[in-house]
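All remarks here apply to the structure that follows.
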Amino acid sequence: MAAVSTSLRSVPSSASPLRPLRPSLFAAPARLLFSAGIRAVSPIRVAGPRRFCCRATSPIAGMAEKGKGKVEVFDSEEELAVSLAKYTSDLSSKFTSERGAFTVVVSGGSLIKSLRKLVEPPYVDSIDWSKWHVFWVDERVVPKDHDDSNYKLAYDGFLSKVPILPGNVYSINDALSAEGAADDYETCLKHLVKSRVITTSDKTGFPKFDLMLLGMGPDGHIASLFPGHPLMNEKEKWITFIKDSPKPPLERITFTFPVINSSAYIALVVAGAGKAPVVQTALRDSQNSEKLPVQLVSPEGELTWFLDRDAASKL
Ligand SMILES: O=C(O)[C@H](O)[C@@H](O)[C@H](O)[C@H](O)COP(=O)(O)O
């Protein structure tokens with residue numbers, strides 16, 4: 001950790017709001033595929049070892065309403081990680097060739113571990129990391145060298161292992177209060193929209209990120225948008241803050257739903273039996289009047305669930 005805090009302190013406080021924070025060190029698996037929000041019943045074997053395509057009978061709640069979203073289920077978290085790396089790499093190639101940049105938003109939590117295959121061959125060498133711009137969908141308001149920091153988690157497990165440009169890593173200003181950090185991050189995004197690093201949704205006018213890689217909590221929260229919390233209803237701000245987070249630490253900043261749902265691609269990455277009940281609720285139960293945050297994820301583009309078998313065990 002000493003290396004982290006040293007290099008962070010080396011960033012001058014007069015740095016641009018984009019604040020490059022790090023030195024240049026930043027540097028077909030077995031699965032069930034449920035397509036387009038439809039429930040699988042009898043798996044049909046298709047090409048490839050232990051790969052199944054499932055026919056649908058009835059809609060999965062929420063996803064089918066918009067005819068979007070697919071659910072991929074892997075035999076293990078290891079296979080999930082392999083597929084997630086390919087998915088991310090394919091999107092990196094697509095956006096890099098289409099517009100010369102790739103804007104990627106990550107959450108904290110176990111997601112970072114699920115990205116581990118990206119820092120191994122072939123992807124570590126084949127991805128054009130210089131085109132990546134990395135953001136956090138939420139961040140805890142703690143110093144960047146604190147064990148609770150999502151920045152530190154991503155740096156240690158991912159960013160330090162690939163040559164992403166330090167100026168393309170957008171973390172919060174940890175010297176500010178929660179309110180200040182949220183405003184500052186929104187200002188940062190506005191600069192990047194103006195300079196066209198981030199595109200804008202024609203439909204909503206909100207920033208449109210190329211890919212959001214999101215984890216989900218066992219209560220159905222995503223980002224720092226928690227069940228029943230008023231922040232779920234924020235319609236204007238791009239970034240907001242919370243001081244009473246049910247999951248510690250209390251103070252965080254978070255993207256709002258209008259920004260999350262303007263995305264071109266969202267991957268919801270969920271593993272482990274502890275999350276099976278909420279996966280079941282999210283994908284099967286359309287009737288609950290009070291939606292969980294995860295049920296409000298409905299991007300302008302494509303939503304893909306990456307589940308391991310345990311997380312999908314109640315589907
Ligand atoms: O800062 C955070 O707390 C995260 O960004 C949060 O939204 C996380 O993604 C989920 O809580 C899932 O975390 P796990 O995968 O570790 O359960």
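Give the residue, chosen from Ile266, Ile242, that is within 14 Å of the ligand (Cβ to nearest atom) and within 30 Å of Arg99 (Cβ to Cβ).
Working: Ile242 fails: within 30 Å of Arg99 (Cβ to Cβ).
The match here is Ile266.
Per the listing Leu250, Leu231, the residue uniquely assigned to a loop (DSSP other than H, G, I, E, B) and more than 10 Å from the ligand (Cβ to nearest atom) is Leu250.
Screening Ile260, Ile239, Ile222 for residues that are surrounded by 23 or more Cβ atoms within 10 Å (Cβ to Cβ) and farther than 18 Å from Gly109 by Cβ leaves exactly one candidate, Ile239. Scanning region 149-160 for residues that are more than 23 Å from Leu307 (Cα to Cα) and away from the ligand (no atom under 16 Å from the Cβ) turns up at least one hit. Please work out if Lys144 is of a type in the set (Lys, Arg), within 22 Å of Ser195 (Cα to Cα) and touching a Phe, Trp or Tyr at 6+ places or on another chain (Cβ under 8 Å). Answer is no for this residue. Annotation: of all residues in region 204-226 being under 12 Å from the mean Cα position of the chain (by Cα) and closer than 23 Å to Gly100 by Cα, the one that is nearest to the ligand (Cβ to nearest atom) is Leu213.
Does Leu292 fit the bill of being farther than 27 Å from Glu78 by Cβ and more than 10 Å from the ligand (Cβ to nearest atom)?
Values: farther than 27 Å from Glu78 by Cβ: yes; more than 10 Å from the ligand (Cβ to nearest atom): yes.
Answer is yes for this residue.
Scanning region 51-58 finds no residues that are more than 19 Å from Thr199 (Cβ to Cβ) and at pLDDT 95 or above.
Results for (1) modelled with pLDDT of 95 or more; (2) surrounded by fewer than 22 Cβ atoms within 10 Å (Cβ to Cβ); (3) of a type in the set (A, V, I, L, M), shown as yes or no for each residue.
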{"residue": "Lys117", "(1), (2), (3)": "yes, yes, no"}
{"residue": "Pro122", "(1), (2), (3)": "yes, yes, no"}
{"residue": "Asp125", "(1), (2), (3)": "yes, yes, no"}
{"residue": "His133", "(1), (2), (3)": "yes, yes, no"}
{"residue": "Val137", "(1), (2), (3)": "yes, no, yes"}
{"residue": "Val142", "(1), (2), (3)": "yes, yes, yes"}
{"residue": "Leu159", "(1), (2), (3)": "yes, no, yes"}
{"residue": "Ile164", "(1), (2), (3)": "yes, no, yes"}
{"residue": "Ala178", "(1), (2), (3)": "yes, yes, yes"}
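Those residues that are of a type in the set (Lys, Arg) and within 13 Å of the ligand (Cβ to nearest atom), I need them from region 82-122; list them, please.
Lys113
Of the listed requirements (1) more than 16 Å from the ligand (Cβ to nearest atom); (2) buried (at least 23 other Cβ atoms within 10 Å of the Cβ), Asn173 misses just one: (2).
The values are calculated or read from the model by the stated rules, or taken from the named source; none is laboratory data. For clarity, every value in this text was computed on a predicted model and none was experimentally measured. Cβ coordinates were reconstructed from backbone atoms using ideal geometry, including for glycine residues, and neighbour counts include every protein chain displayed.
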